[in-house]
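The values are calculated or read from the model by the stated rules, or taken from the named source; none is laboratory data. This structure is a prediction, so every number in the text was calculated from the model and none was measured. Don't worry about glycine lacking a Cβ; one is built from the backbone with ideal geometry, like all the others, and counts go over all protein chains shown. Note: accessible area is taken over every heavy atom of the protein model, side chains too, but ligands, DNA and RNA are not part of it. Shrake-Rupley method; radii C 1.70, N 1.55, O 1.52, S 1.80 Å.
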Amino acid sequence: MKDLEYGDVRSLEGSLLVVRGVRGVGWDESAVIGVDDGSERHGVVLEVAGDLAVLQVLEGTAGMRPGGVRVRFTGSPFRIPLGRSWLGRTCDGRGQPLDGGPPILGATAAAVNGWPLNPVEREPPREPVRTGVSGIDALTTVVRGQKLPIFSVPGLPHLQLAAQIAAQSSAAGDPFVVVFAAMGLPHAEIDFVRTALEERAAAGELVMVLNGADDPVIERLLTPRIALTVAEHLAFVEGSHVLVVMADMTSYCEAVREVAAARQEIPARRAYPGYLYSDLASLYERCGRIRGRPGSVTIMPVLTMPAGDITHPVPDLTGYITEGQIVLAEDLHARGLYPPLDVLGSLSRLMRHGAGPGRTRDDHLEIAAQAVAALARARQAAELADLIGTGALNDTDRGYLAYATALEDSLLRQRPDEARTFEDTLDRLWQAVSVLPRRELTMVSKASLAEHLAGTR
């Protein structure tokens, strides 16, 4: 009941509060908790059993006592205001300002849980998002409305790459906004992200929702939902193309597991709850395009694979839902390559919808296919060289080894502050391919060969 307050608090433990005598309260409902020192805290209903309600207190229960607490339920899930007032703002995982500015206001409000897009209303993703990172733009092109995760392991520069993409991405002159959701990041990494995206924030093209490693766990569950709710409004009402970067989804999933344990739910694989797949899908499927409406929501989740295990539940379930993946490789990072993109392990399943004639460049798809096929052949040549020595290889195999080096040097190696155009990126790809004999380039047309490799053998 919205106007009633409940004071029969049975227990306070950690961040959990149990109140008795409640009526008409539902799971996931938000609540305002009045403390006897005059302050207010916020909570979310985790469990309802009879007249008992278990709440997770976002700010924690420290300093609270059972006789000095009043709980008022709002009658709805957690809601946030909507509008362009979010642009340029930095908030915590509850949507409260961290930048010293006023509270965010809006003409309308919406529950942060949201809904996946109706398949009937979906419009197929099309047209690229230019990330400015050559290895991604050339070989795993991101398409507006796509969900394309970055798979990494602890110690690799995945956050640096995510911040670079967030700082320099664009939509070919169309209105473009980035929403960056940080979940469970140490303060040093949050400071790095804020500094890296300072220019975009000052331009009013960025929204940051930041949850630190020492912030409440339940707030970590709200963070991506707030980010996506803001993104949906900016895209489908305000008409912008929105890129939502979410890091680190592994921290988010660990928060889901912790809350499930607090609810005493039966654990499944690796102690994660059985509904982890549907929980992730409820986030990832909020991206896309809606027929008849402007704008799009593109999602780029970043996740770290524990011990590099791609079969771990988090990357495994993410792979089932998303449309490809960008994989970072430890061996490339060890050799000093940035970004350490594993080209053969990466894939954008919607690339053909966003690249090629009328979108990037006429030769894009064919030269990208040739480059990936040649790299696969180069890897075979490298494995053979490990067995019999480079000197025993034939000229063609040695040419493929030279190509792999050229691809790294001309295309994949890039400064963290360097943004490249599609034109520059594809020219660099042709430069790498040019070290191969013409007879090996069987996947590109004669017209493209004549245009880009005139005078080569």
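Remarks
- Rolling a 1.4 angstrom probe over the range 1-89 with all protein chains present gives an accessible area of which 49% lies on carbon and sulfur atoms.
- Counting only protein chain heavy atoms and rolling a 1.4 Å probe, the accessible areas of 192, 73 rank, largest first, as 192, 73.
- Surface accessible to a 1.4 Å probe, residue 84 within the full protein complex, Å²: 120 Å²
- The mean accessible area for residues of the range 315-358, using a 1.4 Å probe and ignoring ligands and nucleic acids, is 43 Å² per residue.
- Electrostatic tally near residue 264: other residues with Cβ closer than 15 Å to its Cβ, Lys and Arg +1, Asp and Glu -1, net -2.
- The chain: angle of helix 217-236 to the longest principal axis, Cα-based, in degrees nearest 10: 60 degrees
- Label corresponding to volume of the Cα convex hull per residue in Å³ when calculated from the structure given, among [x] 130; [y] 163; [z] 153: [z]
- Full-stretch length increase - residue 237, residue 384 - with 0.36 nm per residue and alpha-carbon distance subtracted: 47.3 nm
- Loop trypsin sites (Lys or Arg not before Pro), the range 220-266 (other Cβ atoms within 10 Å of the site Cβ: 16 or fewer; DSSP): 263
- Mean Cα-pair separation over length for the range 306-457, i.e. relative contact order, pairs under 8 Å, 6 or more apart, %: 21 percent
- Relative contact order of the range 27-182, defined on C-alpha pairs under 8 angstrom at six or more residues apart (%): 15 percent
- For residue 191 and residue 427, the FRET efficiency from 1/(1 + (r/R0)^6), where r spans their Cβ atoms and R0 equals 45 Å, is about 0.80.
- Ligands, DNA and RNA left out, the 1.4 Å accessible surface of the range 274-430 is 52% carbon and sulfur atoms.
- Computed from the Cβ-Cβ distance with R0 of 56 Å, the FRET efficiency linking residue 266 to residue 198 stands at 0.80.
- In the range 17-66, the trypsin sites (Lys or Arg not before Pro) that fall in loop regions by DSSP, at most 12 other Cβ within 10 Å: 23
- Accessible surface of the range 104-175, 1.4 Å probe, proportion on carbon and sulfur as whole %: 61 percent
- For the range 209-238 versus the range 391-418, the inter-centroid distance based on Cα atoms is 41 Å.
- Measuring between their Cα centroids, the range 326-360 and the range 108-150 lie 16 Å from each other.
- Once the 1.4 Å probe is applied to the protein heavy atoms, the range 218-284 comes out at 32 Å² accessible per residue.
- Residue 288 sits among other residues whose Cβ lies under 12 Å from its own Cβ, and their net charge, with Lys and Arg +1 and Asp and Glu -1, is +3.
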